[in-house]
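In what follows, a single structure is set out as C-alpha cells and then discussed.
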Amino acid sequence: MDLTVLIIFMCGLCIHDMDCSVEEEHNIIETLFAPELYSKDIRPGNVDSPDGPTEVTSNLFIRNIEEINTKNMDFTVDITFRQQWIDPRLKFKASNVRYLTLPKEDMVWRPDTFFRNEKEASFHLVPNKQYYVRVFPDGTILYSLRIKLKLHCAMNLRRYPFDTQQCKIHIASWSHTTDTLSYLWKESDPVHVASNIIIQNMILKDFNSGYCNVKTATGEYSCLSVELTLKRESSPYVATEYIPYSMIVSISWAPFWLKQKDTLARIGITLVTLFMASAKAAAIQESLPIVSYTKAIDVWTGCCVFFIFCAFVVCVVINWIGEDEKGSALIK
C-alpha cells in the first residue's frame, strides 16, 4: 500500500514538473522574442564583438545516396544538415528548461546558406516539414533540417566503366562574405554516413570534409566541402557489355570455317554481327554523356566493331577471289 502511494506521488510530481517546464518555456520564448527586444533581420555577430563575423558551425548526416546518374552527371542525396551559431541576444536563465524548441523556424536570424552545385532541392513535408530550431541558455542556436538534394558531379569517364569518381557537396553563403559570416566544420566527426547505404552500381569508398572558400569580384565567401569517393561496380558492365561483345566477335569469325561456296551465309553472318555490334555501341553511347575525350568502353566497342568489319572484308575478298578462279577455270 505504501509503495503504491509513493509511486502515485512521484508520478504526480513528474507531471507537475513537466507542466511547469512547458509553461516556463513558453514564458521565456514570449520574453526573448518580444518585438522591442529582438529582430530576426539583424545579424547576431559573435561572442567577442556584436559587429564581428558570425561563426556558423556545421555538421552533416548523409542518410541515403539515392541515385548516381552518369548521363546527367549528377547524384541525389538525402541529408540532415545542422547549423549552430551563437546569438548573445537570446541568452536566458531557467531552472527546468534545458533548451527552447521554437514553434517556427523563421523566429530567429538564420544564415543564407545554399548548396553551390545544387540542381534541385526539396524538403520532406510528410507528415510535417522535418526541422527543429533549439535555443540553449548561453544563446547557442541549433538549426537542423532534412533535405533531399540533386547535385552536379563533374565526372571523369576516361576509365569508364572501371572508373572512380569524386562527387562533392559545396555549402556556402549567398550574400555574406567572410567579413560578416564564416562557416566551420564541427571539430569531431563533422560528416556521418548511414551504415546501410546501398548505391546502384557504385561503392562508397571514402568521404572527407574540407573547405572551398572562393574569391569573386564582390569578395571572399566561406565555403564547406564534402567529398565522396565513389567506385563503379564493374562486374555488371562486364556481364552485359564486354562478354556479349566477345561473343559477337566470335560469331563473326564463324564464316571462316564455312565452305567457300556458302557465300550468302558467310557474308550474311558477318553483316548481322556488324549491325548488332554497331547498334549495341550506339545504345551504350546513348546512356552516357557527350564528352570531348575517348572512354575505355569506346576503345573496346571500337576494336570489336573493327574486328567484325575486317571479318566482313575478308569474306568479300575470299568470295571475289573464288569467283575469279572459277572464271579462269571456265576459260581454260
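The values are calculated or read from the model by the stated rules, or taken from the named source; none is laboratory data. What you see is a predicted model, and the numbers here were worked out from it, not measured in a lab. Methodologically, a virtual Cβ is constructed for each residue, glycine included, from the backbone with ideal geometry; neighbour enumeration extends over all protein chains shown. What goes into the accessible areas is simple: the full protein's heavy atoms, side chains included, and nothing from ligands, DNA or RNA. Shrake-Rupley method; radii C 1.70, N 1.55, O 1.52, S 1.80 Å.
Structural remarks
- Residue match in the range 153-162 (condition: farther than 30 Å from residue 32 by Cα, assigned to a strand (DSSP E or B) and either hydrophobic (A, V, I, L, M, F, W, C) or open to solvent by less than 70 Å² (accessible area, probe 1.4 Å) (or both)): no
- Given (1) within 30 Å of residue 69 (Cα to Cα); (2) among the aliphatic types (A, V, I, L, M); (3) loosely packed, with under 15 Cβ neighbours inside 10 Å, number of the condition residue 272 does not satisfy: (1)
- Residue within the range 230-238 that is closer than 30 Å to residue 303 by Cβ and in contact with a Cys (Cβ under 9 Å, 6 or more places away or on another chain) present: yes
- Qualifying position, being open to solvent by 60 Å² or more (accessible area, probe 1.4 Å), touching an Asp or Glu at 6+ places or on another chain (Cβ under 7 Å) and more than 21 Å from residue 171 (Cα to Cα), among 243, 251, 198, 203: 203
- Looking across the range 104-126, the residues that are exposed (fewer than 12 other Cβ atoms within 10 Å of the Cβ) and touching a residue at least 40 places away in the same chain (Cβ under 8 Å) come down to 106, 112.
- Flag for residue 24 being open to solvent by 50 Å² or more (accessible area, probe 1.4 Å) and either modelled with pLDDT of 70 or more or at positive phi (or both): no
- Some residue of the range 212-228 being of a type in the set (A, V, I, L, M) and either modelled with pLDDT under 95 or open to solvent by 40 Å² or more (accessible area, probe 1.4 Å) (or both): yes
- Subset of the range 286-311 [touching a residue at least 12 places away in the same chain (Cβ under 8 Å), in a helix (DSSP H, G or I) and open to solvent by 60 Å² or more (accessible area, probe 1.4 Å)]: 300, 307, 309
- Long-range neighbours under 7 Å by Cβ, at least six apart or interchain, first residue closer than 26 Å to residue 162 by Cα and of a type in the set (A, V, I, L, M) within the range 242-258, second open to solvent by 30 Å² or more (accessible area, probe 1.4 Å) and assigned to a helix (DSSP H, G or I): 248/276; 249/307
- Every listed requirement among (1) open to solvent by 80 Å² or more (accessible area, probe 1.4 Å); (2) part of a loop (DSSP other than H, G, I, E, B); (3) out of contact with any Ser or Thr (no Cβ under 9 Å at 6 or more places or on another chain); (4) modelled with pLDDT of 80 or more is met by residue 30 save one, (2).
- Any chance residue 251 is closer than 23 Å to residue 236 by Cβ and more than 41 Å from the chain's Cα centre (by Cα): yes
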